[in-house]
């Protein structure tokens, strides 16, 4: 396990590379390694959480059998390929059988997976899989739309490209009517 001091020293080494071995001890950079590691502790806090602990508190669904959808969940993550940020919005839905979960848990589940080195496909899949594993719903659906820093500030430099990923489980995968209803709900005007 790498210590905080070793991590800070690694950042200082990277600063030396970026600065061309100039003055990495100048005033503006002196505390940068410490600040970078502190910010990474927050940005990558998802490694310190688990879906099990997040979704352990459920409630009686009281017979509700319609779609539960939390849409337009803002999220951010970091691309594991280039360490560039990507951000967007998530739409998370499920159809309960017996148990429901507090809606803030759906947003927290997206954050849990987003606050790790990631790719968008993995976040989408893992959020859907966690809902299925912990709630045993009739169906679960996750759609993520995001813009990626690695597409915007390097390489092809496309500023307006949006990547969309989806994971459909249960009735959302098996029944087109359920998918159609879900998409209609997602496209409703914002209040």
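The values are calculated or read from the model by the stated rules, or taken from the named source; none is laboratory data. Just so we're clear, the structure is a prediction, and the values are computed from it rather than from any experiment. Here the Cβ positions follow ideal geometry from the backbone for every residue, glycine too, while neighbour counts run over all protein chains shown.
Observations, loosely collected:
- The one condition from (1) under 15 Å from residue 169 (Cβ atoms); (2) not in a strand (DSSP E or B) that residue 93 does not meet is (2).
- Residue check for residue 71: buried (at least 16 other Cβ atoms within 10 Å of the Cβ) and either at negative phi or under 28 Å from the mean Cα position of the chain (by Cα) (or both): yes
- Residue satisfying condition, being touching a residue at least 24 places away in the same chain (Cβ under 8 Å), surrounded by fewer than 12 Cβ atoms within 10 Å (Cβ to Cβ) and either within 29 Å of residue 186 (Cβ to Cβ) or in the same structural domain as residue 148 (by TED's automatic domain parsing) (or both), within set 112, 83: 83
- Segment 132-144 - residue that is without any contact (Cβ under 8 Å) to a residue 60 or more places away in the chain and outside any strand (DSSP E or B) and, of those, farthest from residue 49 (Cα to Cα): 137
- Candidates 28, 20, 16 - the one that is outside the structural domain of residue 97 (by TED's automatic domain parsing), surrounded by 13 or more Cβ atoms within 10 Å (Cβ to Cβ), more than 27 Å from residue 127 (Cα to Cα) and out of contact with any helix residue (DSSP H, G or I) (no Cβ under 8 Å at 6 or more places or on another chain): 16
- Set 127, 190: member being outside any strand (DSSP E or B) and at pLDDT 95 or above: 127
- Selection within segment 91-103 - touching a residue at least 40 places away in the same chain (Cβ under 8 Å) and out of contact with any strand residue (DSSP E or B) (no Cβ under 6 Å at 6 or more places or on another chain): 96, 97, 102
- Qualifying position, being surrounded by 12 or more Cβ atoms within 10 Å (Cβ to Cβ), out of contact with any helix residue (DSSP H, G or I) (no Cβ under 7 Å at 6 or more places or on another chain) and either over 20 Å from residue 108 (Cα atoms) or touching a residue at least 40 places away in the same chain (Cβ under 8 Å) (or both), among 66, 88: 88
- Among the residues of segment 149-180, those identified as part of a helix (DSSP H, G or I) and at pLDDT below 95 are 149, 150, 151, 152.
- Residue in segment 121-128 that is free of Cβ contacts under 8 Å to residues at least 12 places away in the same chain, in the same structural domain as residue 70 (by TED's automatic domain parsing) and loosely packed, with under 13 Cβ neighbours inside 10 Å present: no
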